Structures are given as C-alpha cells and as structure tokens.
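Okay, so here's the structure we're looking at.
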C-alpha cells in the first residue's frame, strides 16, 4: 500500500498554495522569468500569470517580484516571503510524507504526538530515547528535579534549571522525551562496577543483560529493564557480564535531557 497526499494551503477559504503553484514558483526561479517558468511547468503564460497574480495580491506580502518586459521578457525574483514560503512548503510536504510512512509502520505509536514525531523526525545522537509523563516536580534552591514515569512502573528523575522548567512548561501530566547518552549509564554493582556515582542522587534500575560487545577501546552493553525497556550503556572499562545476568545501573539526574512539544 502506497499512500500519497497533496498539500494545499488556503487563504480566505480559497486555495493559496498547492503542488502546481509551488512547482511553478520553483520553475520561475530556475528559468529567471515568468514566461520561462511557465514553459518549464507545462503551463500557459496566462495561467502562470493568473496564479502568481492571485498569490501576490491575496496575501499581505507578495511572493514574486516581476520586472517589466511583458510576455517575451522581463525577470522574476522571489521575495523574502516567497523564499520562506517555498522552504516551509517543502518542510510541510516532507513532514506529511514521513507521517504517511509512520501510518504504515505498526511499531510507531499514534496515540502520542510527541512519540510519533520523535520516531519519524530527525534523530538525536543520544542512544537512549524514551517517552514519559511528568509525575511530580521538586524545587531545589538552584535547580528543579523533574520525575518522569516511563510506562507504568519506571520513574526517572531529571535535573533542570528553573528557566528550563518554565521554558518547557513542565508540570505533572506533561508528556516529555527523555534523552540519555550511553556513557551516562553506569554499572554500580557486581565485580565490574564502573566509575563511582553518587548513589544517593542517581536513578537506580535493576536490569537484565541482553548483549555484550566490545572493541579495543570500549564495551557496549544492552540491558533490559521492566516492561521490555532497553537501554544501551557504553563503558571504557571491561566488565565481566553475561547475557541473562541481573545487574544494577545508575543514571545521574543531571545526565538526562528533557524535551517537550511547544503548547
């Protein structure tokens, strides 16, 4: 199944921008004139003129500046507004296509806008990305500790500044994206304990080792917490771990980055 969609922008309940008009704008830019652009777009000069004239006069700002010269000549140049419109239309088209792809991928959750967007949009370099909801916020003199519940049973604490909490509009019930880089996950129990962590302030999880792989410089360990939640940890120390082994890991709250959609 291959779904497609045509993006149209309306102004005053009438079509303002659609694929045909935006293709015409791109052709005009390529040709440098209205007449040349019309030919590239496979349109008559009159149809092209009517389309550009409508866009120029129905919006508060014109999209294209036309130099004198008539049907056989004259130049054309996008205005600043026109350039931004072309870029925005391309961005919206790309988002629309990615959303259609997400519809056909049953692993992408569609009951959460943040979860869907984080899945089909640009990815972060952080290996661990989770969707959760703020359960409570504890205000400290220099920062705030935001507690986020992932799934039904896992609660992680993240440290943010007062300004960040205000900017992200964090409050109980707010949906957020948590980002944790792999080296920030430390092993704190067992024979191969990693670097020292502040156990009083860190998030602690009992996890099961899923896989272990190593290079000359570092070791990568995939572990699984409750509800099938998997985390990737990277350490420069060799730790004697086996698949299926239960271990304890810790993540300091200040190593967790929070992101949220703007209201």
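Where a number appears in this text, it was derived from the coordinates with a stated rule and is not lab data. Keep in mind the model is a prediction, meaning the values are calculated, not measured. Backbone-built Cβ (ideal geometry, glycine too); neighbour counts: all protein chains shown.
Numbers at a glance
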quantity	calculated
Extension reserve of the residue 215-residue 142 stretch, reckoned as 0.36 nm per residue once the Cα distance is removed	22.3 nm
Two-site FRET efficiency, residue 47 against residue 103, from Cβ-Cβ distance with R₀ of 51 Å, rounded to 0.05	0.90
Projected label distance in nm at residue 238 and residue 60, using a 7 Å step from Cα toward the beta-carbon	6.7 nm
Using a Förster distance of 41 Å, the FRET efficiency for residue 16-residue 149 (Cβ separation, nearest 0.05)	0.40
Evaluated over segment 199-263, the Cα radius of gyration and Dmax, each in Å	13.8, 46
Whole-percent pair-distance distribution, where bins are 10 Å wide, for the alpha carbons of segment 128-259	12, 43, 30, 13, 1
Net lengthening on full extension, residue 248/residue 67 (0.36 nm per residue, minus Cα-Cα)	58.1 nm
Separation in nanometres of the label points that stand 7 Å from Cα toward Cβ, at residue 94 and residue 6	2.4 nm
Gyration tensor over alpha-carbon atoms, segment 9-102, equivalent ellipsoid semi-axes in Å	24, 14, 12
Relative packing of peptides 242-252, 207-217 - highest average C-beta neighbours within 10 Å first	242-252, 207-217
FRET E, pair residue 229, residue 81, Förster distance 51 Å, beta-carbon r, rounded to 0.05	0.65
